[in-house]
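Undergrad: Questions regarding the structure given below will be posed in turn.
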Amino acid sequence: MTTTRVAIPRKGRPLEAVLERLAARTGTTELADEIISTLRYEKDLTKGNQSDDDDVYRRLADYSDLDDPTRPEFTLLRDDRDGMPRRVVFDSVTVPTDSGSVQFIGREEPFRALRTHEFALGFDSADLVLEEVVELRDEPLWTIAEINDRIDPLDTDVRVATGLGDTVYHTLLARPAVADGGGRPLDREFVRRYAGELCISPRYERLIEAVIGTAALEDITFTYPESGQEEEAAIADTGLGVYLTVTGSTARDHGLELGEQLFPSETVLLRNDSERTPATERVAKLFTEPDATALQSL
């Protein structure tokens, strides 16, 4: 049987979402837990929240098993923190299945790997799809289900198949004086009537334009946090902004009110339609069908 290669993120929430969905549908809970706990530990080491007497190369050798592809492999990348420390990240693992093996391969930007036809299937954040390929319109983009309608088929063959439900939201945030001063709900319509500065993270500029709609931004000037400044603190200084929230506790700690949840930041299964085969369709069904049972760990 064939081996289907699937691109997944090397670290972070999107990788964990893929592994947790895989474990839920295949019983590979021990494998998922091992990878997730290893990467969380290494993240704590990089941030200085943990210490270890072994150097990073020895730990890497302990984590990886090069002789058994069904055991996880890890690799090293330079982290962008001060000093650019080496960080252990996910590299690959092969999961045997009744319909062939599935090899999950870590990529820094899985979506771009699919765009260049390196893979037929992959997982990445919906944010990156919005940042790169969706058409900007006067009307706002509301849901993940609408993304494919805004992708130019001449631009890419990649489409969103489904979300994994690991949702946090790009949320409107405002100081009470700004929110209450408008006398209206803190939502897209509020932004449409607002004139002034809107603080965002620079990596989300095109996403914000898509989910608010370009017509609402005619009298808006984007501002950005200063280097090293927390996004919530920068929004509090500006008065109005958009940032990711889970519970909103950090925003409230900065004296901000939570408004409309503009768009879900979620890990999505991506499919390059020009690379579809019966084998890739069987693997995709593991994640798109509610009761997928085709993948069985041997």
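The values are calculated or read from the model by the stated rules, or taken from the named source; none is laboratory data. Keep in mind the model is a prediction, meaning the values are calculated, not measured. Here the Cβ is made from the backbone with ideal geometry for all residues, glycine too, and neighbour counts use every protein chain on show.
Undergrad: Among (1) among the hydrophobic types (A, V, I, L, M, F, W, C); (2) surrounded by fewer than 17 Cβ atoms within 10 Å (Cβ to Cβ); (3) closer than 30 Å to Glu197 by Cα; (4) free of Cβ contacts under 8 Å to residues at least 24 places away in the same chain, where does Leu128 come up short?
TA: (2)
Undergrad: Out of all the residues in segment 25-37, which are in contact (Cβ under 8 Å) with a residue 40 or more places away in the chain, part of a helix (DSSP H, G or I) and over 14 Å from Arg13 (Cα atoms)?
TA: Arg25, Thr26, Leu31
Undergrad: Select, from Asp62, Asp82, Asp98, Asp68, the only residue that is at pLDDT 90 or above, assigned by TED's automatic domain parsing to the domain that holds Lys43 and either part of a loop (DSSP other than H, G, I, E, B) or surrounded by fewer than 12 Cβ atoms within 10 Å (Cβ to Cβ) (or both).
TA: Asp62 is the lone residue from the list that is at pLDDT 90 or above, assigned by TED's automatic domain parsing to the domain that holds Lys43 and either part of a loop (DSSP other than H, G, I, E, B) or surrounded by fewer than 12 Cβ atoms within 10 Å (Cβ to Cβ) (or both).
Undergrad: Separate question: Checking Thr280 against (1) β-branched (Val, Ile, Thr); (2) assigned by TED's automatic domain parsing to the domain that holds Glu139; (3) surrounded by fewer than 16 Cβ atoms within 10 Å (Cβ to Cβ), only one condition comes out false. Which one?
TA: The one condition Thr280 does not meet is (3).
Undergrad: A follow-up question, please. Do any residues in segment 133-156 that are over 18 Å from Ala216 (Cα atoms) have Cβ atoms under 8 Å from those of residues that are surrounded by fewer than 15 Cβ atoms within 10 Å (Cβ to Cβ), where the two are at least six apart or on different chains, and which pairs are they?
TA: Val133/Asp152; Val133/Asp155; Arg150/Glu135; Arg150/Arg137; Ile151/Glu135; Asp152/Glu135
Undergrad: With the checklist (1) farther than 18 Å from Val283 by Cα; (2) surrounded by fewer than 17 Cβ atoms within 10 Å (Cβ to Cβ) in hand, flag the one item Gly27 doesn't pass.
TA: Result: Gly27 passes all but (1).
Undergrad: Could you list, in sequence order, the residues of segment 218-229 that are under 13 Å from Leu198 (Cβ atoms) and either over 25 Å from the mean Cα position of the chain (by Cα) or polar (S, T, N, Q) (or both)?
TA: Residues satisfying the conditions are Glu218, Asp219, Ile220, Thr221, Thr223.
Undergrad: Scan Glu42, Glu30 and give me the residue that is more than 30 Å from Arg271 (Cβ to Cβ) and in the same structural domain as Phe119 (by TED's automatic domain parsing).
TA: Glu42
Undergrad: Now for a different question. With the structure loaded, tell me whether Thr238 is crowded, with 20+ Cβ neighbours inside 10 Å and closer than 17 Å to Asp187 by Cβ or whether it fails that test.
TA: Here the answer is no, as Thr238 does not meet what is asked.
Undergrad: Just for segment 197-218: of the residues that are touching a Lys or Arg at 6+ places or on another chain (Cβ under 9 Å) and either farther than 26 Å from Glu266 by Cβ or hydroxyl-bearing (Ser, Thr, Tyr) (or both), which one is surrounded by the fewest Cβ atoms within 10 Å (Cβ to Cβ)?
TA: This residue is Glu218.
Undergrad: If Thr221 satisfies all but one of (1) in a strand (DSSP E or B); (2) crowded, with 18+ Cβ neighbours inside 10 Å; (3) not charged (D, E, K, R), what's the number of the condition it fails?
TA: (2)
Undergrad: Could you check segment 2-24 and list, in sequence order, the residues that are assigned to a helix (DSSP H, G or I), of a type in the set (Gly, Ala, Ser) and within 14 Å of Val93 (Cα to Cα)?
TA: The one that is assigned to a helix (DSSP H, G or I), of a type in the set (Gly, Ala, Ser) and within 14 Å of Val93 (Cα to Cα): Ala23.
Undergrad: Then there is this: Quick one: which of Arg252, Arg192, Arg203, Arg184 is under 20 Å from the mean Cα position of the chain (by Cα) and of a type in the set (D, E, K, R)?
TA: Arg203
Undergrad: Also: Does Gly228 fit the bill of being crowded, with 18+ Cβ neighbours inside 10 Å, outside the structural domain of Arg25 (by TED's automatic domain parsing) and either assigned to a loop (DSSP other than H, G, I, E, B) or of a type outside the set (A, V, I, L, M) (or both)?
TA: For Gly228, the condition - crowded, with 18+ Cβ neighbours inside 10 Å, outside the structural domain of Arg25 (by TED's automatic domain parsing) and either assigned to a loop (DSSP other than H, G, I, E, B) or of a type outside the set (A, V, I, L, M) (or both) - is not met.
Undergrad: Taking Leu186 as meeting all but one of (1) modelled with pLDDT under 95; (2) within 25 Å of Asn272 (Cα to Cα); (3) buried (at least 20 other Cβ atoms within 10 Å of the Cβ), write down the number of the exception.
TA: (2)
Undergrad: Just to be sure before I move on: is Gly248 surrounded by fewer than 21 Cβ atoms within 10 Å (Cβ to Cβ) and small (Gly, Ala, Ser) in the structure I sent?
TA: Judged against the criteria, Gly248 is a match.
Undergrad: Between Ala216, Ala284, which is assigned to a helix (DSSP H, G or I) and farther than 28 Å from Pro110 by Cα?
TA: The conditions single out Ala216.
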